[in-house]
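Right, one structure below, let's go through it.
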Amino acid sequence: MATRIATTATIHRLSVEDVLAMVEAEILDERARVELVEGVLVTMNPIGAEHGDTVATLAEHITLAVVGRLRVRVRDMLEDLR
């Protein structure tokens, strides 16, 4: 999905190599919460409780669907259910 931007500025698309070079040059922190979307570096919001709950629910459903055939790995915080 393309987003139209009302501007006269030129957008310069980035590659993965460009972003890695920015990290190497310390222009971009290697822990920065960013994603490269169609050549545009987008700042991501911090992961909150709602996001974590959604990821956990999806992981449970996917794990049940592929049990015995695939292993599902999720990178998330631990939660005490007691």
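The values are calculated or read from the model by the stated rules, or taken from the named source; none is laboratory data. Note that the coordinates shown come from a computational prediction; the quantities given were computed from them, not determined experimentally. Here the Cβ is made from the backbone with ideal geometry for all residues, glycine too, and neighbour counts use every protein chain on show. Heavy atoms of the whole protein, side chains included, go into the accessibility calculation; ligands, DNA and RNA do not. Shrake-Rupley method; radii C 1.70, N 1.55, O 1.52, S 1.80 Å.
Does Ile47 meet the test of being assigned to a loop (DSSP other than H, G, I, E, B) and surrounded by 12 or more Cβ atoms within 10 Å (Cβ to Cβ)? Considered against the rule, which asks whether it is assigned to a loop (DSSP other than H, G, I, E, B) and surrounded by 12 or more Cβ atoms within 10 Å (Cβ to Cβ), Ile47 comes out as yes. Whether any residue in the range 5-14 is at pLDDT 95 or above and not in a loop (DSSP other than H, G, I, E, B) is what I want to check. Within the range 5-14, none of the residues are at pLDDT 95 or above and not in a loop (DSSP other than H, G, I, E, B).
Conditions tested, residue by residue: (1) out of contact with any strand residue (DSSP E or B) (no Cβ under 9 Å at 6 or more places or on another chain); (2) open to solvent by less than 60 Å² (accessible area, probe 1.4 Å).
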residue	(1), (2)
Ile11	no, no
Val23	yes, yes
Glu30	yes, no
Val42	no, yes
His51	yes, no
Glu60	yes, no
Val66	yes, yes
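Number of residues in the range 15-44 that are part of a loop (DSSP other than H, G, I, E, B) and under 18 Å from the mean Cα position of the chain (by Cα): the value is 10.
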